[in-house]
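Novice: Below is a structure I'd like to ask you about.
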Amino acid sequence: MKLSNFIATLALALPSVLGASLARSLSDAPALVNTTGLDGYAGDFLDTRSTTGLEARSNKDVRSLQARQASNIEGDVNNILNLVRSQVGSGNQGRIDFTQRVVREGSSRFPQYNWVIVHTAHLTRFDGASGRNWNHWHYEFDINPGGTIRYELYWFESGTFELQGDGGFINWAWTGQVSSISPSGRVITFV
């Protein structure tokens, strides 16, 4: 039998098979006090008197889930920073490698975000709320001997980042979905 003939036969037989199943289901369905069907019909087959295996959720649960997800990302961000730092040197080349590898690793683990790491003066105009649509992590890059270099790492859904200080990979790196870059290369709009 050709596939087209089989499909035609199945299409003709399916309504009668389903019709018989529905008729049996209707006669066997328990009487319900309330329904949950959105179309006014499916609810007739759902017994909503018990929620065995289901759990009611409140808005508080949703917020705490967002907080848990944010803390998971922050934990991974801390791991990324420490891992990359352990793999690069302390001098200028180490700082150059560090900035580039951090944003690359962050993007590979969380591609839904844009990533910027920066040491020098800057402005951020990210869309949405901190902790939900964007976040920030401070990291001290140890340059033994001599102290530390302070880096700020941002991951965000969309917005604008403006570098005001010195450029170069020693001071900053970024990756993400970009809609525009200023002629100076210092103002980047991410989407």
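The numbers here are math on the coordinates, done by the rules we state, and not lab data. Since the structure is predicted, the reported quantities are computational estimates derived from the model, not experimental observations. No Cβ is skipped: glycine too gets one built from the backbone with ideal geometry, and neighbour counts run over all protein chains shown.
Novice: Taking H as built 1.01 Å from N, whose amide H comes closer than 5 Å to the amide H of D127, not counting residues under 5 places away?
Specialist: Distant-sequence amide H within range of D127: S158, G159, T160.
Novice: Taking a spot 7 Å from the Cα of T124 along the direction of its beta carbon, which residues of the stretch 151-173 have an amide N less than 15 Å from it?
Specialist: Residues 151-164, 172-173 qualify, since their backbone N sits under 15 Å from the label point.
Novice: Right, here's the next one. By per-residue mean of other Cβ atoms within 10 Å, what is the highest-first order of 109-118, 126-135?
Specialist: 109-118, 126-135
Novice: Another question, if that's okay. Along the stretch 175-191, what does the Karplus equation 6.51 cos²θ - 1.76 cosθ + 1.60 (θ = phi - 60°) give for ³J(HN,Hα), rounded to whole Hz, x for Gly and Pro?
Specialist: My calculation for the stretch 175-191 gives 7, x, 8, 10, 9, 7, 10, 5, x, 6, x, 9, 10, 10, 9, 9, 10 Hz in order.
Novice: Taking the Cα centre of the stretch 59-190 as the origin and placing charges on Cβ (Lys, Arg +1; Asp, Glu -1), which of Y154, I96, I170 is farthest toward the positive end of the dipole?
Specialist: The one lying farthest along the dipole's positive direction is Y154.
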